[in-house]
Each structure stands twice: as structure tokens, then as C-alpha cells.
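Working notes, structure below.
The values are calculated or read from the model by the stated rules, or taken from the named source; none is laboratory data. Remember, predicted model here, so these are calculated numbers, not experimental data. Backbone-built Cβ (ideal geometry, glycine too); neighbour counts: all protein chains shown.
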Amino acid sequence: MIELVAAILFIAGYAMITMEQKLFVSKAATATLLAVFLWILAAVTIPMQSFNQQITQTGSDLFGLLVFLLAAMTLVEILIHYHAFDLLESWLRSINFSMRNLAWVLLGITYFASMFIANLTITIIMIQIARRLFPKELLILVSIAIVIASNTGGSTSPIGDLNTIMLWFAHKFTAVQILSLGFLPSLATTCVAGALLFRKISTKDLVTTNSEAPTLRISRSDTAIIIASLLAFLMPLAASLFNIPAYMGIIFGLGIVWVMIDFAKRVRPQTTHLQAKIQNFMQRTDIESIQFFIGILLSVGALTALGVLQTITNTVLGQFPDAIRVIEAFIGLGFASAIVDNIPLTAAAINALPNVSPSLWVLLALCVTSGGSLLIVGSASGVVAMGMIKELSFGKYFKIGTVPALLGFAAGILVWMVEQYASGLF
């Protein structure tokens with residue numbers, strides 16, 4: 001009976017989250033309250049010793065994720081502040097590419113950058129650049145491609161997306177496994193979608209230079225800080241090689257950058273953007289998204305403690321599901337992520353399926369990230385793109401982007417299956 005009450009409460013809470021814009025209630029507030037109510041149910045239902053063990057484990061897992069996210073978001077704010085992405089735009093104008101070739105360059109940069117930077121952040125940055133380079137009639141095509149690449153690129157890196165971070169921190173795969181098993185499938189997804197979208201872009205039209213754009217002057221200290229900030233994103237991977245928690249690696253990287261900024265301010269005491277304090281970068285991070293993340297993971301932890309997830313898994317997949325049924329379930333979660341947020345879907349799968357091979361978890365990462373591109377409301381990057389470009393409506397995205405995203409989704413799964421067939425999974 002308590003399991004049913006908890007399930008109904010979670011569904012009701014999640015419905016409120018999806019109707020955030022209509023109810024004018026923050027999804028972070030709803031998720032936080034939902035988590036508290038579910039843990040209260042757990043407290044009055046399960047034995048105290050078991051409750052303490054479950055909530056301690058959930059809190060421990062959550063701590064590492066939050067520290068990692070806060071450090072990563074701060075590093076991105078530092079890169080923005082030190083004009084790293086303005087330099088990128090200036091370089092793109094200087095290479096004198098055709099419109100189609102430039103679209104492919106932007107797609108590639110988005111794909112690889114999203115391996116290290118949150119898809120929401122990289123989408124905002126790349127669309128801002130695209131708006132300065134492409135005419136309005138081509139901007140929609142390029143923006144849709146950016147949304148797809150930012151979602152899919154994160155699935156091939158342990159730090160590229162919240163879903164892969166969760167899976168990595170839960171020891172579902174190693175950094176080497178996600179990079180080696182996920183790269184070709186996610187690349188296929190991105191390239192197929194890009195090829196279908198860019199057919200309408202001419203190879204003859206060239207990008208015009210912007211004579212009104214101010215010339216950027218980047219000092220050696222600025223350059224050093226930009227390079228150090230980029231290298232800091234690799235520190236979690238280095239830390240994992242020594243069996244050190246990933247969040248320790250990125251904290252180390254942030255600490256190095258912090259020292260460099262403070263040292264540069266002493267060397268160059270005149271008033272420049274070097275006067276900015278690291279605390280200001282932290283204040284500009286997306287705290288509301290982090291609070292939503294906390295609420296969702298705490299809620300899923302409570303459902304696990306109450307046995308709700310295990311009951312659902314046993315009902316849908318059976319007590320001992322084989323690889324084929326798990327594959328079907330993960331592909332189904334990919335389609336579901338086009339409608340609902342993929343974070344709770346991934347968190348639920350982590351808690352409900354303890355004995356699944358790393359290659360299958362890689363498939364889940366691919367499905368829930370690329371599946372979020374099937375509809376514009378299926379990912380945070382799609383929603384922000386719709387907000388930045390008024391011509392990009394739900395209907396326009398469905399008409400132009402859904403078929404390329406769907407075929408890319410299918411191509412990624414096909415490449416993954418070929419890889420697994422070659423390795424003897426089937």
C-alpha cells in the first residue's frame with residue numbers, strides 16, 4: 001500500500017514539474033518538496049537502521065555529484081568571462097568557409113565541446129555565435145543541429161552530461177569504456193542528423209566578415225587562464241586512473257585556475273577583467289538546476305528505499321531480465337526522454353537494474369541523450385534554443401528536426417549493435 005502511495009505521489013509531483021510554466025511554480029521547489037515527502041514515507045515505513053543506511057548512501061552519492069557540477073559550472077563561467085568563446089567566433093570568421101562547411105564546423109565544435117561542457121551551456125554559446133554568422137533562413141537548420149549535437153556529444157564522455165556523470169559515479173562504466181563504446185554510435189547519430197539538415201545549405205555562399213566587431217586583445221595571462229580552465233576538465237579523467245574520486249580531480253583543476261587568477265591580479269594590478277573574483281563566477285552558476293537535480297535524486301533514492309523501483313522492474317522486465325529485454329527497455333526510455341526529463345529515467349534505471357553490463361549502460365546514455373532531441377521540449381538545450389530564436393517553435397522543430405533526429409537516433413543504436421555483435425554480446 002505504501003509503495004502505491006509513493007508511486008502516486010511521485011507521478012503527481014512529476015506532473016507538476018512538467019507543468020512548471022502553467023502553474024508558475026519552480027520545478028526545483030516541487031522536486032525538493034517531493035523528495036522530503038517521499039523520505040518521510042520511508043522513515044515511517046522501513047526499519048530505522050535500514051532508513052539510516054539508505055539515506056546516508058543517497059547523500060554520499062549526491063555529494064560527489066554536486067561538488068563536481070559546481071566546479072564544472074564555475075570553470076565554464078571563467079571561460080565565458082575570459083572571452084574564450086569570442087575568440088572562437090573570431091577564428092570562425094577568419095577561415096573563410098562556405099556556409100555549409102561552417103555549419104559542419106559548428107556541429108563538430110558543439111559535439112566535441114559537449115563532451116566536457118554542459119549541453120545547455122554549449123547550446124547557448126554556439127547559438128549566439130551562429131546568430132552572428134548565418135542569415136535567418138539558415139539559422140533554424142543550424143540551431144536544430146546544435147541542439148542534437150549538444151545532446152548526443154555528452155553521451156560519449158563520462159563528464160559530458162548529467163546522465164553520464166550519474167552513471168560514471170555509480171560505477172556503471174569506466175571513463176575508458178564510455179569513450180570507447182560510445183564514441184562511434186554518438187558520432188553516427190550526430191553525422192546522420194547533420195547530413196540531413198545541411199542538405200539545404202549552399203556550398204557557394206561564404207561567411208561575411210564583421211568589420212564592426214571589436215578586435216580582441218588577449219594577454220598572455222588571459223591565454224594561460226583559458227588553457228588551464230580547459231585542461232581542468234580533463235582532471236577528473238586523470239583522477240580516475242589513480243582510483244581517486246572524479247570530483248577531486250575537477251576541484252584540483254579549479255584550484256589551480258583559482259591560484260592563477262589571484263596571481264595574475266597581483267602581477268597586473270590595473271583595472272581589467274582580471275579583477276573579477278572566483279566567488280562571482282560561482283554565484284553565476286545555475287543554482288536552480290542544481291536544486292532540481294538534488295530533489296530528483298533524493299526522490300529516486302526514496303523510491304529505491306521503499307522498494308518501488310524494484311517492484312516496477314520485476315513487473316516490466318521480470319526478476320532476471322536478459323540483455324534483449326534490457327535493450328528494448330533502454331530504447332523505450334530513449335523515446336520517453338523526448339517527453340519527460342531524462343535525469344529521473346536514468347536515476348531510476350541505475351537503482352532498479354544493479355546487474356547490467358557496461359556496454360548496456362552506454363546504450364542507455366546514448367538513448368536518453370539523443371532521444372531528448374526528438375522533440376524540442378525533450379531537452380534543456382532544445383527549450384533554451386526555442387527561447388533564443390523566436391522562429392523556432394515546437395511545430396517548426398517537429399517539421400524540420402524530428403525526422404533527422406529520429407534517423408540519427410536509429411543510426412546510433414545500429415552502430416552500437418554492430419559493435420556489440422562484433423564483440424560477441426549477441
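Brief remarks follow.
- Leading residue by the ranking (surrounded by the most Cβ atoms within 10 Å (Cβ to Cβ)) among those in the stretch 340-378 that are at pLDDT below 80 and assigned to a loop (DSSP other than H, G, I, E, B): Asp341
- Unmet requirement for Leu360, which otherwise passes all of (1) free of Cβ contacts under 8 Å to residues at least 24 places away in the same chain; (2) of a type in the set (A, V, I, L, M, F, W, C); (3) under 27 Å from Gln57 (Cα atoms): (1)
- Residues that are over 17 Å from Ile294 (Cβ atoms), under 24 Å from the mean Cα position of the chain (by Cα) and of a type outside the set (A, V, I, L, M), drawn from the stretch 1-53: Thr18, Gln21
- Positions within the stretch 78-97 being at pLDDT 80 or above and crowded, with 20+ Cβ neighbours inside 10 Å, in sequence order: Ile78, Leu79, Tyr82, Ala84
- Filtered residues of the stretch 398-426 (kept if hydroxyl-bearing (Ser, Thr, Tyr) and under 20 Å from the mean Cα position of the chain (by Cα)): Thr402
- Residues within the stretch 126-141 that are closer than 18 Å to Ala193 by Cα and either touching a Lys or Arg at 6+ places or on another chain (Cβ under 6 Å) or in contact (Cβ under 8 Å) with a residue 40 or more places away in the chain (or both), tallied: 5
- Total residues in the stretch 357-380, condition closer than 15 Å to Thr190 by Cα and in contact with a Gly (Cβ under 8 Å, 6 or more places away or on another chain): 9
- Number of the exception - Val383 against (1) part of a helix (DSSP H, G or I); (2) in contact (Cβ under 8 Å) with a residue 12 or more places away in the chain: (2)
- Taking (1) out of contact with any helix residue (DSSP H, G or I) (no Cβ under 8 Å at 6 or more places or on another chain); (2) in a loop (DSSP other than H, G, I, E, B); (3) surrounded by 15 or more Cβ atoms within 10 Å (Cβ to Cβ); (4) of a type outside the set (Lys, Arg) in turn, Leu406 satisfies each apart from (2).
- For the stretch 204-257, the tally of residues that are in a loop (DSSP other than H, G, I, E, B), of a type in the set (S, T, N, Q) and at pLDDT 75 or above stands at 2.
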